[in-house]
Amino acid sequence: MIVIRSTERLVVTAPGPQGPPGPAGGSFTFIQSSPLAAFTVTHNLHRYPNVSYIDPSGAVQIADVEHISTDVVYVQFPIPVTGKVVCS
């Protein structure tokens with residue numbers, strides 16, 4: 001319960017009922033073993049996920065990411081790279 005007191009009135013509010021569950025989450029990992037300057041990743045998550053590129057040493061690196069649709073991302077780099085793309 002939340003009580004807010006002002007000089008004009010006293011307002012008491014209580015939390016409402018829980019809302020419906022959100023959509024299923026999930027993630028998808030794409031592994032690129034031969035160097036390329038761009039990856040087209042079909043993740044089939046049916047949404048625009050967060051996208052991370054992880055280099056072979058395990059470090060997260062910056063990449064240019066374009067969401068082509070709710071199921072496909074295009075990831076581009078200045079030079080050919082290997083590693084993995086994680087969509088979550």
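Brief remarks on what is shown
- Net charge contributed by nearby residues that have their C-beta within less than 11 Å of Cys87 (K/R +1, D/E -1): +1
- Between Ser57 and Thr70, full extension at 0.36 nm per residue minus the direct alpha carbon distance yields a gain of 1.8 nm.
- Listing Ile54, Ile62 from fewest to most neighbouring C-beta atoms within 10 Å gives Ile62, Ile54.
- Cβ-defined net charge surrounding Phe77, 14 Å radius [Lys, Arg +1; Asp, Glu -1]: -2
Only the coordinates and a few stated rules stand behind these numbers; no lab work does. This structure is a prediction, so every number in the text was calculated from the model and none was measured. Because the Cβ atoms are built from the backbone with ideal geometry, glycine has one as well, and the counts that use them run over all protein chains shown.
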